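Participant: Structure provided below as structure tokens; questions to follow.
No value in this document is a laboratory result; all are computed from the given coordinates. All figures in this text were calculated on a predicted structure; none of them were measured in a lab. Note that we place each Cβ from the backbone using ideal geometry, even for glycine, and neighbour counts take in every protein chain shown.
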Amino acid sequence: NFDHFQILRAIGKGSFGKVCIVQKRDTEKMYAMKYMNKQQCIERDEVRNVFRELEILQDIEHVFLVNLWYSFQDEEDMFMVVDLLLGGDLRYHLQQNVQFTEEAVKLYLCEMTLALDYLQSQHIIHRDIKPDNILLDEQGHAHLTDFNIATIIKDGERATALAGTKPYMAPEIFQSFVSGGTGYALEVDWWSLGVTIFEVLRGWRPYDIHASNSVESLMQLFSTVSVQYCNSWHKDLISLLRK
């Protein structure tokens, strides 16, 4: 419970409350503690997503994920105690105009590939891979976070919900929404990772997509726009991103 931790300082504000650095009193190990206000969760109709995230995180653990170690609640808040990562997220570094080297981005790509491979072995679609949700530790390694809209699919099942952040969502997700098609599965996370890696390398995304774009216009965009890759990138990296 809350008494097992000493609050050291606040480091940010999440969707439903603050995030603090905490130290577990018996082991002196450091973590990040996320506060989630119950009333705000109810008002925003996010209770189902919060419980889904907890359910998923309680059953998984991987070196390149932001892992959940403890969870508990009081009358007002729910608390998630997770890995403490102090290197900032990739979005922050992009906003600071950091010029990532190709070697650094290849490392992030490999680490996220291992994380995704693990998630897919657990039948989990993350559905929101983007620079905002990739955190760096103090050694510069990448860790995937935020399972708020993740889902679990069993063998042969397909997801159909229009879920994600538009600029990073795969065409199959929009197609399923427009035509009521066969849905989508684990492969949509690879698309999101490809868009993310392109953006981290280039400084902008391969497609000029914004939250205000209609789904119909996006389907037309995917069929007409040709992605321009940087000539200085290694040919194997370009080949991988094309896939």
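Participant: Compute, for region 192-243, the length of the dipole vector about the Cα centre, with Cβ point charges of +1 (Lys, Arg) and -1 (Asp, Glu) only. Units Debye, rounded to 20.
Facilitator: 200
Participant: What is the P(r) of region 71-126, as percent of Cα-Cα pairs per 10 Å bin from 0?
Facilitator: Going from the shortest bin to the longest, the percentages are 17, 30, 34, 16, 3.
Participant: Subtract the Cα-Cα distance of GLN39 and LYS13 from 0.36 nm times their separation in residues, and report this length gain in nm to one decimal.
Facilitator: Gain on extension, GLN39 to LYS13, equals 7.7 nm.
Participant: List every residue whose amide H lies under 5 Å from the amide H of PHE72, counting only residues 5 or more places away in sequence or on a different chain, with H placed 1.01 Å from N in the peptide plane.
Facilitator: Hits under the 5 Å cutoff: PHE79.
Participant: Whose amide H sits under 5 Å from the amide H of LEU65, counting only residues 5 or more places off or on another chain, with H placed in the peptide plane?
Facilitator: The answer is LEU144.
Participant: Given the pairs LYS130/LYS154; LYS18/LYS106; LYS29/LYS166, which span a C-alpha to C-alpha distance of over 27 angstrom in this model?
Facilitator: Cα-Cα > 27 Å for LYS18/LYS106; LYS29/LYS166; rest within.
Participant: Provide the per-residue ³J(HN,Hα) series for region 52-69, in order, calculated from phi with Karplus coefficients 6.51, -1.76, 1.60 and θ = phi - 60°, each as a whole number of Hz, with x at glycine and proline positions.
Facilitator: 5, 4, 4, 4, 5, 5, 5, 10, 10, 7, 7, 4, 10, 10, 8, 7, 8, 10
Participant: Would you mind computing, in nm to one decimal, how far apart the modelled labels at TRP233 and GLN58 are, each placed 7 Å from Cα along Cα→Cβ?
Facilitator: My value for the distance between the label points is 4.1 nm.
Participant: Please list 35-43, 188-196, 212-220, 172-180 highest first by mean number of surrounding beta-carbon atoms within 10 Å per residue.
Facilitator: Ranking the peptides 35-43, 188-196, 212-220, 172-180 by packing returns 188-196, 172-180, 35-43, 212-220.
Participant: For labels at ASN97 and THR113 in the simple 7 Å Cα→Cβ model, what's the distance in nm?
Facilitator: 3.2
Participant: Based solely on C-alpha atoms, express the radius of gyration and the Dmax of region 148-243 in angstrom.
Facilitator: Answer for region 148-243, Rg first and Dmax second: 14.2, 41 Å.
Participant: Still on this model: Taking the Cα centre of region 78-188 as the origin, how large is its charge dipole in debye, to the nearest 20, when only Lys and Arg (+1) and Asp and Glu (-1) carry charge on their Cβ atoms?
Facilitator: Magnitude of the dipole: close to 420 debye.
Participant: Is any residue of region 30-66 close enough, with backbone N under 14 Å, to a label point placed 7 angstrom from the Cα of HIS123 along the Cα-Cβ axis, and if so, which?
Facilitator: Only 56 pass the distance filter.
Participant: Next question, about the same structure. Of the options THR196, THR113, SER179, report the single residue whose Cα projects farthest towards the positive end of the charge dipole of region 90-242 (beta-carbon charges: Lys, Arg +1; Asp, Glu -1).
Facilitator: SER179
Participant: Considering Cα pairs under 8 angstrom that are at least six residues apart, work out the relative contact order of the chain and quote it in whole percent.
Facilitator: 15
Participant: If the only charges are +1 at each Lys and Arg Cβ and -1 at each Asp and Glu Cβ, what is the size of the charge dipole of the chain around the Cα centre, to the nearest 20 debye?
Facilitator: Numbers: 23 positive and 34 negative charges, 121 e Å.
Rounded to the nearest 20 debye, it is 580 debye.
Participant: Would you please state which residues of region 193-214 a label at SER226 would reach in this model, taking the label point 7 Å out along Cα→Cβ and a backbone N cut-off of under 17 Å?
Facilitator: 206-208
Participant: Classify region 2-82: rounded, prolate or oblate, from the alpha-carbon gyration tensor (a ≥ b ≥ c, eigenvalue square roots; a/c under 1.5 rounded; otherwise prolate if a/b is larger than b/c)?
Facilitator: Because a/c hits 1.5 or more and a/b fails to exceed b/c, region 2-82 counts as oblate.
Participant: Ok, one more. Taking N as the number of residues in region 1-150, what value does Rg over Cα atoms divided by 2.2 N^0.38 Å take?
Facilitator: This ratio for region 1-150 stands at 1.06.
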